[in-house]
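Only one structure is covered here, and it is reproduced in the block below.
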Amino acid sequence: MQSHLPTEADGTMSVEIDYTGYWGLRTLPFDNVPDPRFYVPCSQHDAAHRWLSYGIQTGKGMLLLTGDIGCGKTLLSRRLIVGLPPAQYDIALVANPALSPSELLDEVLSQFGLGLVRSKAGRLQTLNERLELNAQRGINSVLVVDEAQAIESIKGFEELRLLTNFQLNDRFLLTIVLIGQPELRRRVAGIPQLNQRIAVRAHLGPFTAEETTSYITARMRAATDRTDVFTKDAVAVIYEQSKGIGRLINALCDQCLFAGAIERVLQIDDRLVRRIGQGI
């Protein structure tokens, strides 16, 4: 393969390595950002997506998605949000809920595009008016709280639970999706009045070996027409070293592509993966 690595005038390699050019990539396939374009369906992710979609579409009130660190909770939530038609859904996303109860309620209003209101009663009235207006227009209101295990106190969870009291006779005016690490399940279970409100629960674990292969293949296909960059043995070692955790798969694949470009290899093989994996 001809090298596309940038070089200086004297022929030495430049400091910046454009490995996308070397491998013929249209974009970086293994960035650790929740880009819905790189959502890769697998059995457990598909099941969680179906259950959450069902809960949102039928207005179940409160939903819970948990998962191990780096297993794709945030990416799944972004894929879920992108799949909801804007004309039918009014969606607020709280990405950092490590706030006091009052600040958390302020953030909810802010993410719905509502102005700052001083009193708590005023905040609740403002939000209720928005939810009722949406309902009158046939629009479903959805609040997604990511990293919900970071909510500071039980009172913060109680503020969210009370928002599900906004109801019509036949349905909730707001669907709340709580997303977080496994400890979120324990925290919710410790608050009976909240736990009883959870209508749909889903959990994400690491990928299997087969799912890891599909994951790497799909992400590479989204970035290049090449299908032979990672050898079969390399993928097996990636699974072995990452334990099927998506974030670690991304980091290892990204560094292997970078190292492979520097070394001008034709493929990423198992030996390169083992060497790079020692530092992750």
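The values are calculated or read from the model by the stated rules, or taken from the named source; none is laboratory data. Everything numeric here is computed off the predicted structure, so don't read it as measured data. Note that each Cβ is placed from the backbone with ideal geometry, even for glycine, and that neighbours are counted across all protein chains shown.
Suppose we filter segment 165-194 for residues that are closer than 24 Å to T126 by Cβ, within 24 Å of the chain's Cα centre (by Cα) and not aliphatic (A, V, I, L, M); how many remain? Total satisfying the criteria: 1.
The rows are residues; the columns are (1) surrounded by fewer than 13 Cβ atoms within 10 Å (Cβ to Cβ); (2) closer than 20 Å to L184 by Cα; (3) of a type in the set (K, R).
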site	(1), (2), (3)
P36	no, no, no
Y39	no, no, no
R50	yes, no, yes
S53	no, no, no
M62	no, yes, no
T66	no, yes, no
G72	no, yes, no
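Restricting segment 111-125 to residues that are surrounded by 17 or more Cβ atoms within 10 Å (Cβ to Cβ) and more than 28 Å from the chain's Cα centre (by Cα) leaves a set whose member that is farthest from D170 (Cα to Cα) is R123. Filtered by the rule that a residue be modelled with pLDDT under 95, in contact with a helix residue (DSSP H, G or I) (Cβ under 7 Å, 6 or more places away or on another chain) and among the hydroxyl-bearing types (S, T, Y), segment 28-68 gives a lone residue, Y39. The condition (being among the hydroxyl-bearing types (S, T, Y), in contact with a Ser or Thr (Cβ under 7 Å, 6 or more places away or on another chain) and not assigned by TED's automatic domain parsing to the domain that holds A148) is satisfied by just one residue among Y239, Y215: Y239. Evaluation of E129 against the conditions (1) surrounded by 13 or more Cβ atoms within 10 Å (Cβ to Cβ); (2) among the acidic types (D, E); (3) more than 25 Å from L76 (Cα to Cα) shows that the sole unmet condition is (1). Scanning segment 84-107 for residues that are surrounded by 14 or more Cβ atoms within 10 Å (Cβ to Cβ) and closer than 17 Å to I139 by Cβ yields L84, Y89, D90, I91, A92, L93. Against the definition (assigned by TED's automatic domain parsing to the domain that holds R197, modelled with pLDDT of 90 or more and either among the aliphatic types (A, V, I, L, M) or touching a Pro at 6+ places or on another chain (Cβ under 7 Å) (or both)), how does L93 come out, yes or no? In short, yes.
The selection criterion, being among the aliphatic types (A, V, I, L, M) and over 30 Å from S153 (Cβ atoms), holds for A209. Which residues, taken from segment 211-229, are hydrophobic (A, V, I, L, M, F, W, C) and over 25 Å from the mean Cα position of the chain (by Cα)? Listed by number, the list holds a single entry, V229.
Every residue, every condition in (1) farther than 30 Å from G260 by Cβ; (2) of a type in the set (S, T, Y), yes or no:
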{"residue": "L25", "(1), (2)": "no, no"}
{"residue": "P29", "(1), (2)": "no, no"}
{"residue": "N32", "(1), (2)": "no, no"}
{"residue": "F38", "(1), (2)": "no, no"}
{"residue": "P41", "(1), (2)": "no, no"}
{"residue": "I56", "(1), (2)": "yes, no"}
{"residue": "S77", "(1), (2)": "yes, yes"}
{"residue": "I91", "(1), (2)": "yes, no"}
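Of all residues in segment 121-135, none are closer than 24 Å to A47 by Cβ and not assigned by TED's automatic domain parsing to the domain that holds C256.
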